[in-house]
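Peer 1: Pasting a structure below so you can have a look.
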Amino acid sequence: MKELSNAACIVGVDESDELGTLPHKSQLTLHVEAVNNAARDAGLRVADIDGVFTAGQHSPATIAEAIGVRPRYVDGTTVGGCSFIIMVGHAMLALHHGLCDVAVISHGESGRSGVGVSPRRDVAVPGQFEAPYGFGGAPTYFGLITTRHMHEFGTTLEQWAQVAVSTRKWAALNPKAKNREPLTVQDVLASRPVVWPFNILNICLVTDAGGAVILTRPDRARDCARTPVYVRGAGEGAEHVSLTQMRDLTFSEATRLSGDKAFAMAGVRPTDFDHIMLYDAFTSGPPLMLEALGIAKRGEGVHFFEEGRATPGGRLPINTNGGGLSYTHSGMYGIFPIIESVRQLRGECGARQVPDVRLSLVNGMGGMLSAAGTLVLANAR
Amino acid sequence: MDAPQRPLPSPLTPEAKPYWDGAREDRLMIPKCRTCGKPHMHPRVRCPFCASADLEWVRASGRGRLHSFEIAHQILNKAFKVKTPVVLAMVELEEGPRLLTNLVNVPPDPAKIRCDMPVEVVFEKQTDEITLPMFQPAHLTQATHGSSRTDSGRYK
């Protein structure tokens, strides 16, 4: 496993031309824009791409056709929003073995406007055992995880709200973030109730957005336009789909599996990072991820936010793009934390740039902590 | 009978037929492995613990504990017409398996509900074909207990 560490570099990242509410753009268009923008960022031609990776409703063949390439490697692993994070590891493996030379991981989702979207769901279990009771939509599942955490550890609504407040402070520094106005704990607690323990400000945005990441081997990366970002470690894991099958609602086994693998590959400890990106579909997500990754003790992930460690000026900045909570969240958010991590490692982030970022962690979930991906990224070998 | 106020279970899968047949007769049936002895939910054709195909259906006691809950103020599925707020729940049966369900006959108030409280099954008929198992606080049928105490406002 160790021989894969640093076997690939991220050389290009970018979003679609626009993010937000885009009823004038199809889902496929969001992919095409993002891939072209990321290729330009890398100083590569789209025609150089010979490995296509994507998750969601479109197959990699559909993306390849849309961008006009004939790939010799395709991967459509779809295990939820973390799929793009997991694919960095898959792309690294393919690049390492010469199965492709330039890999693109593409995301496009018309999550808000639903343009060119065809929902396709596996309903045998949820249709039978969940929908009749009102379950459906992520908040009705993640709420159960959150309540159980409050029961076992005494976590409070105010503490979850601190996550939204901290993340909004970062969004205020990101011109691309959707919601940038100041936010208080009281604002979160007083916002519209959706599914207790969640009010609307505990829940991520719903937007239309695309994003893409381009990887190649280190020898070729040196000829690209930007400072290469090395993939020091990558890991993935899956535990369950239905929440009834999750062994411990307050501890994500998928997250732990993915983290352990990524940290071992990179030869780092969970506490070595100076910048962290976590998948924040809900305010309770990042604290639970910190706990499962071994960065925080059980029940103490929220302390990173309420004590200001995660906020601008803090010792361990978390979700510096403004997160799914305030920047953008198209539905499968996982491409965006990778993009931000790379930009931070390159030092391109302007007002929100974290000083001296050398080692950055990306971790995301798929479904309800069902699957997970972790990356250890660095700006040097 | 009035039109159902909820989306009915769909699709009804062959492997789950005894579950719904049982519910129609107010019995909570769960699959159990004859090889390793463990019951499971949701129904499958192989035991998820030991992969044995030697499964039987047993009647669960209907008793369990509220593993977690939430209070929905809106339901996305338009076929769900029960007046909100409703309590969405995960129940752990005393046999072990967990179910998603509703907690009923309780105020939809986080101060009045707590994780791990004892619950018991109740059956709500939807149509001639479909009856849904739901759960209520166990004390409601234990007259000797009188009013059950929950430490109000546990979840701040």
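Peer 1: Looking for something in a strand (DSSP E or B) and over 30 Å from A:Arg40 (Cβ atoms) - is there at least one such residue anywhere in the stretch A:249-269?
Peer 2: Going through the stretch A:249-269, the residues in a strand (DSSP E or B) turn out to be none.
No, the stretch A:249-269 contains no residue that is in a strand (DSSP E or B) and over 30 Å from A:Arg40 (Cβ atoms).
Peer 1: Quick check on this structure: which one of A:Thr146, A:Thr156, A:Thr167 is closer than 16 Å to B:Val87 by Cβ and either out of contact with any His (no Cβ under 6 Å at 6 or more places or on another chain) or aliphatic (A, V, I, L, M) (or both)?
Peer 2: Values: A:Thr156 fails: closer than 16 Å to B:Val87 by Cβ; A:Thr167 fails: closer than 16 Å to B:Val87 by Cβ.
Being closer than 16 Å to B:Val87 by Cβ and either out of contact with any His (no Cβ under 6 Å at 6 or more places or on another chain) or aliphatic (A, V, I, L, M) (or both) holds for just one of A:Thr146, A:Thr156, A:Thr167, which is A:Thr146.
Peer 1: Give the residues of the stretch A:240-282 that are acidic (Asp, Glu) and in contact (Cβ under 8 Å) with a residue 60 or more places away in the chain, sorted by residue number.
Peer 2: Listed by number, the residues that qualify are A:Asp272, A:Asp274, A:Asp280.
Peer 1: Further question on the same structure: Filter the stretch B:124-144 for residues that are modelled with pLDDT of 95 or more and assigned to a loop (DSSP other than H, G, I, E, B); which is surrounded by the most Cβ atoms within 10 Å (Cβ to Cβ)?
Peer 2: Residue satisfying both the conditions and the ranking: B:Gln126.
Peer 1: Counting only residues that are touching an Asp or Glu at 6+ places or on another chain (Cβ under 8 Å) and not polar (S, T, N, Q), which one in the stretch A:362-381 is nearest to A:Tyr230 (Cα to Cα)?
Peer 2: A:Gly373
Residue-by-condition table, conditions (1) of a type in the set (Val, Ile, Thr); (2) surrounded by fewer than 24 Cβ atoms within 10 Å (Cβ to Cβ); (3) under 19 Å from the mean Cα position of the chain (by Cα):
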residue: A:Leu4; (1), (2), (3): no, yes, no
residue: A:Val11; (1), (2), (3): yes, no, yes
residue: A:Asp14; (1), (2), (3): no, yes, yes
residue: A:Asn36; (1), (2), (3): no, yes, no
residue: A:Asp50; (1), (2), (3): no, yes, no
residue: A:Ala55; (1), (2), (3): no, no, yes
residue: A:Ala61; (1), (2), (3): no, yes, no
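Peer 1: What number of residues within the stretch A:79-113 satisfy the criterion of being crowded, with 20+ Cβ neighbours inside 10 Å and more than 24 Å from A:Cys224 (Cα to Cα)?
Peer 2: Number of matching residues: 9.
Residue-by-condition table, conditions (1) modelled with pLDDT of 95 or more; (2) β-branched (Val, Ile, Thr); (3) surrounded by 15 or more Cβ atoms within 10 Å (Cβ to Cβ):
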residue: B:Thr35; (1), (2), (3): yes, yes, no
residue: B:Arg65; (1), (2), (3): yes, no, yes
residue: B:Lys78; (1), (2), (3): no, no, no
residue: B:Leu103; (1), (2), (3): yes, no, yes
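Peer 1: Let me ask something additional. Quick one: is A:Ala91 in contact (Cβ under 8 Å) with a residue 60 or more places away in the chain, among the aliphatic types (A, V, I, L, M), within 20 Å of A:Ile335 (Cα to Cα) and part of a loop (DSSP other than H, G, I, E, B)?
Peer 2: So A:Ala91 fails the test.
Peer 1: Please go through the stretch A:1-15 and give me each residue that is assigned to a loop (DSSP other than H, G, I, E, B) and within 16 Å of A:Val342 (Cα to Cα), ordered by number.
Peer 2: Listed by number, the residues that qualify are A:Asn6, A:Ala8.
Yes or no, residue by residue, for (1) under 14 Å from A:Thr283 (Cα atoms); (2) within 12 Å of chain B (Cβ to nearest Cβ):
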| site | (1), (2) |
| --- | --- |
| A:Leu144 | yes, yes |
| A:Gly154 | no, yes |
| A:Leu157 | yes, yes |
| A:Lys176 | no, no |
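Peer 1: Out of the stretch A:184-200, which residues are in contact (Cβ under 8 Å) with a residue 40 or more places away in the chain and over 11 Å from A:Leu157 (Cα atoms)?
Peer 2: A:Val194, A:Val195
Peer 1: So, one more: Here are some residues: A:Val74, A:Val125. Which one is within 14 Å of chain B (Cβ to nearest Cβ) and aliphatic (A, V, I, L, M)?
Peer 2: Sole residue among the options that is within 14 Å of chain B (Cβ to nearest Cβ) and aliphatic (A, V, I, L, M): A:Val125.
Peer 1: What tally of residues in the stretch A:128-139 results from selecting those that are touching a strand residue (DSSP E or B) at 6+ places or on another chain (Cβ under 8 Å) and facing another protein chain (nearest Cβ under 9 Å)? Can you show your working first?
Peer 2: Residues of the stretch A:128-139 that are touching a strand residue (DSSP E or B) at 6+ places or on another chain (Cβ under 8 Å), as a first pass: A:129-130, A:132-135, A:138-139.
In the following step, the residues that additionally are facing another protein chain (nearest Cβ under 9 Å) were identified as A:129-130, A:132-135, A:139.
Residues in the stretch A:128-139 being touching a strand residue (DSSP E or B) at 6+ places or on another chain (Cβ under 8 Å) and facing another protein chain (nearest Cβ under 9 Å): 7 in total.
Peer 1: Also, I was wondering about something else. Considering (1) within 14 Å of another protein chain (Cβ to nearest Cβ); (2) touching a helix residue (DSSP H, G or I) at 6+ places or on another chain (Cβ under 8 Å); (3) surrounded by fewer than 17 Cβ atoms within 10 Å (Cβ to Cβ); (4) modelled with pLDDT of 95 or more, say which one B:Ser10 fails and leave the rest.
Peer 2: (4)
Peer 1: Here is a further query. Out of (1) in a loop (DSSP other than H, G, I, E, B); (2) surrounded by 17 or more Cβ atoms within 10 Å (Cβ to Cβ), the odd one out for A:Pro175 is which?
Peer 2: (2)
Peer 1: Could you give every pair whose Cβ atoms fall below 7 Å, whose first residue belongs to the stretch A:297-325 and is in contact (Cβ under 8 Å) with a residue 12 or more places away in the chain, and whose second residue is basic (Lys, Arg) and in a loop (DSSP other than H, G, I, E, B), counting only separations of at least 6 or pairs across chains?
Peer 2: From the stretch A:297-325, the pairs are A:Leu316/A:Arg309.
Peer 1: Shifting gears a bit: Which fully enclosed strands (runs of 3 or more DSSP E) of the stretch B:42-123 have 1 or more residues being at the interface with chain A (Cβ under 7 Å from one of its Cβ atoms) and without any contact (Cβ under 8 Å) to a residue 60 or more places away in the chain?
Peer 2: Strands (runs of 3 or more DSSP E) meeting the threshold: B:63-72, B:86-93, B:98-103.
Peer 1: From the set of residues in the stretch A:202-227 that are surrounded by 22 or more Cβ atoms within 10 Å (Cβ to Cβ) and within 14 Å of chain B (Cβ to nearest Cβ), which is nearest to the chain's Cα centre (by Cα)?
Peer 2: It comes out as A:Ile203.
Peer 1: Residue under question is A:Gly116, and the condition is that it be within 14 Å of chain B (Cβ to nearest Cβ) and either without any contact (Cβ under 8 Å) to a residue 60 or more places away in the chain or surrounded by fewer than 18 Cβ atoms within 10 Å (Cβ to Cβ) (or both); does it hold?
Peer 2: Considered against the rule, which asks whether it is within 14 Å of chain B (Cβ to nearest Cβ) and either without any contact (Cβ under 8 Å) to a residue 60 or more places away in the chain or surrounded by fewer than 18 Cβ atoms within 10 Å (Cβ to Cβ) (or both), A:Gly116 comes out as no.
The values are calculated or read from the model by the stated rules, or taken from the named source; none is laboratory data. Not measured: the values here are computed from a predicted model. Glycine gets a Cβ as well: all are built from the backbone with ideal geometry, and neighbour counts include every protein chain shown.
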